[in-house]
1. Using modelled amide H (1.01 Å from N, peptide plane; none on Pro or chain starts), what sits under 5 Å from the amide H of residue 54, excluding residues fewer than 5 places away?
2. Sort out for me the Cα centre separation of segment 62-94 from segment 1-56, rounded to whole Å.
3. Cβ under 12 Å from residue 28's Cβ, residue 28 left aside: what net charge do those residues give with Lys, Arg +1 and Asp, Glu -1?
4. Return the ratio Rg/(2.2 N^0.38 Å) for the chain, where Rg is computed over Cα atoms only.
5. With n ≥ 4 as the cut-off for DSSP H runs, can you work out [θ] at 222 nm for the chain, using -39500 (n - 2.57) per run divided by the number of residues, rounded to the nearest 500?
6. Tell me the label-point distance for the pair residue 54, residue 66, using the 7 Å Cα-to-Cβ offset, in nm and rounded to one decimal.
7. Residue-wise, which Karplus ³J(HN,Hα) couplings in Hz belong to segment 51-66, taking 6.51 cos²θ - 1.76 cosθ + 1.60, θ = phi - 60°, and x for glycine or proline?
8. Using a Gaussian network for the chain with springs between C-alpha atoms less than 10 Å apart, which of these wobbles most: 20, 39, 106?
Amino acid sequence: MSPLTIASRDAATGPVLKITGDLDYATAPELRTALDGLTLTAGQLLVLELAGLDYCDSSGISTLLAARNLAIQQNAHLALTAVPDHTARILHIVGLDHVFTIHPDTRAATSPITAAS
């Protein structure tokens, strides 16, 4: 079991949360707390960078959906980046790969051309 770490930074498009470790029943509340502390302005992009995500269960998926809902409520957008294969497979199986905007990396998500679309 890998401890969850969440590192936050700002990009020109909005906040980027780099999530590493296990996102599961025990650690999902940590991400929810980090999300609760965010205030997005209309049109901003919240990026969840998942390259270091070792494990994600249904509680983790629910928390990713909560992040999306937060962005929608604040008239902002959400993108997942660098989604590991094991998590991408789960997202695909449950059809969430059509719900989330997914980019290969944070740079692609936060580029001015991508962020504007």
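Bear in mind these aren't lab numbers, they're just calculated from the coordinates by the rules spelled out. These numbers were taken from a predicted model, which means no experiment stands behind them. No Cβ is skipped: glycine too gets one built from the backbone with ideal geometry, and neighbour counts run over all protein chains shown.
1. Those qualifying (amide H under 5 Å, at least 5 residues apart or on another chain) are 21, 22, 23.
2. Taking the Cα centre of each part, segment 62-94 and segment 1-56 sit 10 Å apart.
3. So the environment of residue 28 carries a net charge of -3.
4. 0.96
5. -10500 deg cm²/dmol
6. Each label point is offset 7 Å from its Cα along the Cβ direction, giving 2.2 nm.
7. In residue order, the calculated couplings are 3, x, 6, 8, 7, 8, 9, 5, 5, x, 4, 4, 6, 5, 5, 5 Hz.
8. Maximum fluctuation in the GNM of the chain, among the listed residues, is at 39.
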